[in-house]
1. When you scan region 67-91, how many residues do you find that are over 20 Å from the mean Cα position of the chain (by Cα) and without any contact (Cβ under 8 Å) to a residue 24 or more places away in the chain?
2. So, in region 152-170, exactly how many residues are among the basic types (K, R) and closer than 22 Å to W33 by Cβ?
3. Would you please list the contacts, defined by Cβ atoms under 8 Å and residues six or more apart or on different chains, that run from a residue in region 126-153 that is more than 14 Å from S166 (Cα to Cα) to a residue that is of a type outside the set (D, E) and at pLDDT below 60?
4. Going through region 158-187 one residue at a time, which ones are over 20 Å from H133 (Cβ atoms), touching a residue at least 24 places away in the same chain (Cβ under 8 Å) and not in a helix (DSSP H, G or I)?
5. Can you say whether Y111 is among the aromatic types (F, W, Y) and under 16 Å from the mean Cα position of the chain (by Cα), as far as the supplied structure shows?
6. Could we say that M171 is open to solvent by less than 20 Å² (accessible area, probe 1.4 Å) and within 21 Å of L74 (Cβ to Cβ) here?
7. With the requirement that a residue be exposed (fewer than 13 other Cβ atoms within 10 Å of the Cβ), part of a loop (DSSP other than H, G, I, E, B) and modelled with pLDDT of 95 or more, what does region 84-114 give you?
8. Considering each residue of region 62-82, count those that are at pLDDT 95 or above and either among the charged types (D, E, K, R) or open to solvent by 30 Å² or more (accessible area, probe 1.4 Å) (or both), and give that number.
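The values are calculated or read from the model by the stated rules, or taken from the named source; none is laboratory data. Predicted model only: the values in this text are computed from it and were never measured. Positions of Cβ are generated from backbone atoms using ideal geometry, with glycine treated the same way; all protein chains shown enter the neighbour counts. Note: areas computed on protein heavy atoms with side chains; ligands, DNA, RNA excluded. Shrake-Rupley method; radii C 1.70, N 1.55, O 1.52, S 1.80 Å.
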Amino acid sequence: VDFVVGFRWPHGSKTVRMRLIKGGLVRAVSEAWYPSSMFEYGLLLEDDLEVSPLYMNWINRVMNAHTHSTANRLIGISLYSPRVTETTNPPHPFNSNNVTYQITGNPESPYLMQTPCSWGAVYFPSAWRQFLHYMRMRLRHEDNQNPLKNEYVNIPSSRTNGWQQSWKKYMFEFMYLKGSYIIYPNFAGQKSFSTN
C-alpha cells in the first residue's frame, strides 16, 4: 500500500482505493473501476500479466477504427488471444488462426467474439456501467438464498452456468443477453499483446 500511495504517476491524476475487508475476485474486479465520464476507458490487468511494448498501439488503432464506425455492440478490446474455449466442458483447444482463415482466407485477421477477457482488456465506459448494474442485480438475486439462483440466466451448453466465484460468469451472461462482442488480436501462432 505504501508503495502504491508513494508511486509517482506523471501522466495525470491517481486515485488509490483500499479495501478493508477481503472481497474476493468478483468484488475486486467490479470495484476496481467505475467510469467517471463517457470518455474514460478502463484497461483491466491482472497482477500476474505482462504486456507487450506494442499494446497501446493496438488499443489506439482499434479505438480509432471504433470511433469511426457504428459498431455499438463492441464493448471492449482484448490484448490476449485465447487458446482454449473455456465455456465447453472440458475446455477445448481454440485456434483463432484456423477459424479466421476458414472464414476470411486470412489467418491473421482480428475477430469479434462473445467472450470476456481477463488477461488484459480495455472495456468501454457505457458497456462497463451497464455491466456493473447487471452484476449488482445478479449478486443481489444470488444473496437472497433463492433456490433457483444459478438458473437466473442459462447460456445453452455453457460451462459458465455452473461457475460460482468468477466475475466473468456475469460478463458472459451480460454479453450473451446484449449480443455484445470484444475484438481480439490474431497473429501467427496466436501471439498476443499480453500473457501471464
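1. So in region 67-91, the residues over 20 Å from the mean Cα position of the chain (by Cα) come out as 68-70, 89-90.
Now narrow it down to the ones that are without any contact (Cβ under 8 Å) to a residue 24 or more places away in the chain: 68-70, 90.
Qualifying residue count for the region: 4.
2. 2
3. From residues that are more than 14 Å from S166 (Cα to Cα), the pairs are H141/K149.
4. Across region 158-187, the qualifying residues are S158, Q165, I183, Y184, P185, N186, F187.
5. Details: among the aromatic types (F, W, Y): yes; under 16 Å from the mean Cα position of the chain (by Cα): yes.
Criteria met by Y111.
6. On the way: open to solvent by less than 20 Å² (accessible area, probe 1.4 Å): yes; within 21 Å of L74 (Cβ to Cβ): yes.
In short, yes.
7. Selection gives G105, N106.
8. Residues in region 62-82 being at pLDDT 95 or above and either among the charged types (D, E, K, R) or open to solvent by 30 Å² or more (accessible area, probe 1.4 Å) (or both): 1 in total.
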